[in-house]
Amino acid sequence: MGSQPPGLTWALIEEARARIAPFIRTTPVVTSTTLDEQAGARLFFKCENFQKGGAFKARGASNAVFSLPGSEARRGVATHSSGNHAAALARAAQLRGIPAYIVMPHNTPLAKRAAAERAGAIITLCEPTLAARERAAAEVLAATGAILVHPYDDLSVMAGQATVAVELLEEIEGLELLLAPVSGGGLLSGIAVAAHALRPQLRVLGVEPEGADDAARSLRAGRIVPCEHPDTIADGLRATIGVRPFAEIRRYVEDIVTVPDAAIVSAMRRIWEVMKIIVEPSGAAAYAAITTGRAEVRGRRVGVVLTGGNLDLDSLPWIKPARE
């Protein structure tokens with residue numbers, strides 16, 4: 001039997017918080033009386049759509065880049081990403097003055113690709129499968145000698161993402177439930193470890209699209225069950241869960257629920273209309289678990305992570321194409 005990879009610790013999270021403080025912002029927690037009344041609960045939305053670069057990914061990418069020794073950092077960093085991690089890594093590399101090599105699926109939303117390009121990323125496009133992403137990334141690493149910063153299966157990345165929960169729990173007392181979307185698992189695993197350290201009684205639930213439900217199936221099976229062809233409007237939630245995140249999720253996450261794409265779009269639109277803030281489909285997934293009743297929240301104080309707000313405004317899911 002192979003040895004288990006090292007786990008995420010509270011000490012790593014504390015170090016990450018101190019390290020990334022100059023490079024990220026403490027995001028606001030927003031409430032809505034209207035949404036509270038509709039849910040029959042007190043909802044506290046952690047707005048990572050207001051994070052640097054428009055998504056929580058700035059946390060993990062910054063921690064990974066600024067924790068590298070100088071001799072390694074000079075070689076540059078590389079990753080594969082459907083968008084938000086790509087832009088976040090490119091930004092962190094730019095701040096440190098090193099190159100960033102990014103592999104992106106060719107169907108990545110143009111707004112996310114443009115964000116990475118603005119930060120100076122050197123982009124390689126690939127087919128939209130995990131195998132193609134990993135193969136292209138291996139070729140880039142071999143050609144450049146850059147250091148891989150995996151989008152989620154990396155302790156430095158997980159520790160950075162965990163700071164979302166640290167901020168939320170320091171600001172809001174008495175939370176009983178915390179909802180966050182899950183894809184590769186870097187965010188959910190980090191949140192779960194931080195919550196266990198700070199408030200062991202807090203229930204943590206993951207939320208996943210029905211068309212990309214590998215994390216939910218993996219949790220039930222007790223082993224990673226990949227999703228070969230994820231199909232969801234939430235482009236940030238199409239990755240297969242990573243080994244290190246899955247180990248923490250099995251320890252500390254109570255359950256992972258799934259929601260249909262139609263519910264994600266409806267939740268996204270309700271947030272836009274009622275709260276007057278922009279979230280992308282992936283960012284609305286956790287709230288969709290509330291609107292569909294997949295997460296039982298009535299009478300509870302609930303934290304909801306809105307993970308990002310990057311999307312193509314010309315391709316909003318409720319806009320009908322103009323007739324020729």
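Can we say Arg251 is crowded, with 16+ Cβ neighbours inside 10 Å, among the basic types (Lys, Arg) and either at pLDDT below 95 or within 21 Å of Leu175 (Cβ to Cβ) (or both)?
Spelling it out, it is not the case that Arg251 is crowded, with 16+ Cβ neighbours inside 10 Å, among the basic types (Lys, Arg) and either at pLDDT below 95 or within 21 Å of Leu175 (Cβ to Cβ) (or both).
Within segment 209-240, take every residue that is within 14 Å of Glu254 (Cα to Cα) and in contact (Cβ under 8 Å) with a residue 24 or more places away in the chain and give me the one that is surrounded by the most Cβ atoms within 10 Å (Cβ to Cβ).
Per the stated criteria, the residue is Ala215.
Quick check: is even one residue across segment 302-324 closer than 23 Å to Glu167 by Cα, open to solvent by 50 Å² or more (accessible area, probe 1.4 Å) and at pLDDT 95 or above?
Scanning segment 302-324 turns up no residue that is closer than 23 Å to Glu167 by Cα, open to solvent by 50 Å² or more (accessible area, probe 1.4 Å) and at pLDDT 95 or above.
Hey, any hits in segment 192-199 for a residue that's closer than 25 Å to Val30 by Cβ, in a loop (DSSP other than H, G, I, E, B) and open to solvent by 40 Å² or more (accessible area, probe 1.4 Å)?
No, every residue in segment 192-199 fails to be closer than 25 Å to Val30 by Cβ, in a loop (DSSP other than H, G, I, E, B) and open to solvent by 40 Å² or more (accessible area, probe 1.4 Å).
Would you check if there is a residue in segment 271-293 being over 15 Å from Leu35 (Cα atoms), open to solvent by 70 Å² or more (accessible area, probe 1.4 Å) and among the charged types (D, E, K, R)?
Scanning segment 271-293, I find no residue that is over 15 Å from Leu35 (Cα atoms), open to solvent by 70 Å² or more (accessible area, probe 1.4 Å) and among the charged types (D, E, K, R), so the answer is no.
Given Ala114, Ala78, Ala58, Ala143, which one is surrounded by 19 or more Cβ atoms within 10 Å (Cβ to Cβ), part of a helix (DSSP H, G or I) and either more than 20 Å from the chain's Cα centre (by Cα) or of a type in the set (A, V, I, L, M) (or both)?
The match here is Ala58.
Do we have Ala11 as outside any loop (DSSP other than H, G, I, E, B), open to solvent by 30 Å² or more (accessible area, probe 1.4 Å) and among the aliphatic types (A, V, I, L, M) here?
Yes; evaluated as a whole, the condition is true for this residue.
Just checking, which of Phe66, Phe45, Phe56, Phe50 is over 27 Å from Tyr287 (Cα atoms) and aromatic (Phe, Trp, Tyr)?
Within the list Phe66, Phe45, Phe56, Phe50, the selection yields Phe66.
The values are calculated or read from the model by the stated rules, or taken from the named source; none is laboratory data. The shown structure was predicted, so the numbers you read here are calculated from the model rather than taken from an experiment. Cβ coordinates were reconstructed from backbone atoms using ideal geometry, including for glycine residues, and neighbour counts include every protein chain displayed. For accessibility, only protein heavy atoms count, side chains too; no ligands or nucleic acids. Shrake-Rupley method; radii C 1.70, N 1.55, O 1.52, S 1.80 Å.
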